[in-house]
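Here the structure comes first, spelled out in structure tokens, and everything after it is commentary.
The values are calculated or read from the model by the stated rules, or taken from the named source; none is laboratory data. In this text the structure is predicted, and so the values were computed from the model without any measurement. No Cβ is skipped: glycine too gets one built from the backbone with ideal geometry, and neighbour counts run over all protein chains shown. Please note that ligands, DNA and RNA were not included when accessible areas were found on the heavy atoms of the full protein model with its side chains. Shrake-Rupley method; radii C 1.70, N 1.55, O 1.52, S 1.80 Å.
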Amino acid sequence: WSIKIHNGSNEALAQYKINITSIAPLLEKLAISSDVYWVLQDPVYEDMLSESRKMITNEKIDAYNEAAVRILNSSSRNSKAKVKVFSVSKLIAQETIMKSADGLHLPESSRDTNAMILMNLYCNKIMKPIDGSCCQPQPPLTLIQKIAFCFFTLSIIGYLIISLIHRNNYRKNKSCTDLESGEEKKPAISIPNVSTLEMLLHCFCKLGLIMTYFYLCDRANLFMKENKFYTHSSFFIPIAYILVLGVFYTENTKETKVLNREQTDEWKGWMQLVILIYHISGASTFLPVYMHIRVLVAAYLFQTGYGHFSYFWIKGDFGVYRVCQVLFRLNFLVVVLCIVMDRPYQFYYFVPLVTVWFMIIYATLAVWPQIIQKKANGNCLWHFGLLLKLICLLTCIYFLSYSQGAFEKIFSFWPLSKCFELNGNVYEWWFRWKLDRYVVFHGMLFAFIYLALQKRQMISEGKGDPLFSNRVSNILLFISIVSFLTYSIWASSCKNKTECNELHPSVSVVQILAFILIRNIPGYVRSVYSSFFAWFGKISLELFICQYHIWLAADTKGILVLIPGYPMFNVLVSTFIFVCVAHEISQITNDLAQIVVPKDNSTLLKRLLCIAGFFSGLHFFSAMQDQSRH
């Protein structure tokens, strides 16, 4: 209006600056106790303006806006009493002014978007919603996060110093010139040995850089996040694509046993890829897909029961080294993320789940009397003793699943409560545990039956041979296919998630066993595997955990946007980085496991005491942090 009335004169702009200067102290006084926003003047679409409005140009509007911003930013000396500039309205107007009817007045959608952002600006910093990052201030670093930052920084500096020293020593000893012959002679030691300290610092150096990327993606509000919108095509087309890739990379297995290493890696690999597509596409809103994904999660736990039971039953190795190795490999990444991302352990629910089930399997088989295959071969009564142990385990599972109070009491004691509480209670942990409560037992039982049949040579595992006789194999194959399809039909007809979840723990094993038999009964199917899926299977745990922050972001509620405006290209780039990071973390975990968990029992005991001290320190700093918050 000022531009129009005064025909865009410079005198009007000068008067405007005087007016802003005079009201600035009043606005600052209001800003002491309230949030005060100065809304910038929206641009116009000059080509559509009428003749009476032609003097209103974007150049003049920008001059008024710049004057207001400069005066308001420079007048206040008190940061708490600063008037904030609501500049987003101008950005929205630039996108929507083309739809204006007269080139001056914005469409209704602009006002709605402005109102939505203003409400987010006010509400999000109070409510701190986990599924939105708009307008939220960056959370302050906790004491534990600061210590972690210092540790990784020192590791990087230490590694660089050691590398420079070794490189200089290597250059000095690399080659020397014989003055008489003019020939080069190689030194006795051409490549310096990598010390344990250097390897340790190298691992922490890489880990520190990776954790910086995690923090920037999901805590620093540096990158945008977008919502998930489920469509059938966004889920099923990528599924079809990866299945074609998986079939294309088919190779022969090294061994043809049931659930051999290549086959289990392949199984974990394609399941993990399907779960990733399920998460990024938001397919949890479609109940049939949700029920089938529940079976895939159950299949992971089935493999946990099968794999660990088979190892303890055959090897009879109940030593501390084995336990520490497994626990370290399962939990290392999650513990680091809990520190760096300031999240509770239970937030990464799958790792606590497999960790607890591993300890349950270990306790079941290690407790007196220890029954292993070598001992059971001498006397069949030992088999009944093992079955009795499994029955006791099943009874405990059944009791805890129907006694929420008893379950919560067990996991409410310190220090278990620190690990399994989420939002002040263990209900979420009880729900996750209950959802797949029988499948680990089913995996253990299947391993016991399979190994017993294998020992008595009742199955044929030669290359190209069917698992049983032709008649029995055909019958079992037919039953398996019918069972597999029957479960899929039931899952697809599910109408109520709560009711289906109640039946899931008891019936999920049907489709899992059906798949195992379909995959292993025909000899030619058992003799091949997909190296593409197997590669992903080897890093499946890292993929599952890393997706929380560097692929989905917003703690899985949204999708990370590295390249705004190009959704397909963004997914390709973020996926490539995500997979590379997961693979690198897998390598780091394996390397650190060899250093941190030595085979020597006395050294291992000292390391365990150091780890106990580390967690005690974490608890101390966490308690200090909680007190400072209150």
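Each Lys and Arg Cβ is given +1 and each Asp and Glu Cβ -1; about its Cα centre, the chain then shows a dipole of about 1600 debye.
For the chain, the solvent-accessible area with a 1.4 angstrom probe is 55 square angstrom per residue.
Relative to the longest principal axis of the Cα atoms of the chain, helix 601-629 runs at roughly 30 degrees.
Going from the alpha-carbon gyration tensor of the chain, what semi-axes, largest first and in whole Å, does one get by taking the root of 5 times each eigenvalue? It would help to have the intermediate numbers written out before the result.
Working: eigenvalues 627, 231, 145 Å².
One finds semi-axes of 56, 34, 27 Å for the chain.
Using packing as a proxy for protection, rank 248-259, 524-535, 266-277, 424-435 so that the peptide with the highest average count of other Cβ atoms within 10 Å comes first. Write down the numbers at each step before the final one.
On the way: 248-259: 14.2, 524-535: 19.5, 266-277: 22.2, 424-435: 16.8.
Taking the mean over residues of other Cβ atoms within 10 Å, the ranking is 266-277, 524-535, 424-435, 248-259.
State which entries of Lys206/Lys268; Lys90/Lys557; Lys17/Lys84 exceed 23 angstrom in Cα-Cα distance in the structure shown. Don't jump to the answer; show the numbers that get you there.
On the way: Lys206/Lys268 26 Å; Lys90/Lys557 29 Å; Lys17/Lys84 17 Å.
Result: Lys206/Lys268; Lys90/Lys557 exceed 23 Å.
Per-atom-type breakdown for the chain gives carbon and sulfur 64% of the accessible area (1.4 Å probe, protein chains only).
Scanning residues 5 or more positions from Trp38 or on other chains, those with amide H under 5 Å from its amide H are Lys84, Val85, Phe86, with H placed 1.01 Å from N in the peptide plane. For the chain, the longest principal axis of the alpha carbon atoms and the long axis of helix 58-75 meet at an angle near 80°.
The C-alpha atoms of the chain define a longest principal axis, and helix 143-174 lies at about 70 degrees to it.
Applying 1/(1 + (r/R0)^6) with R0 = 51 Å to the Cβ-Cβ distance of Asn169 and Leu605 gives a FRET efficiency near 0.90. Positive contributions from Lys and Arg (+1) and negative ones from Asp and Glu (-1), summed over other residues with Cβ under 15 Å from the Cβ of Ser195, come out at -1.
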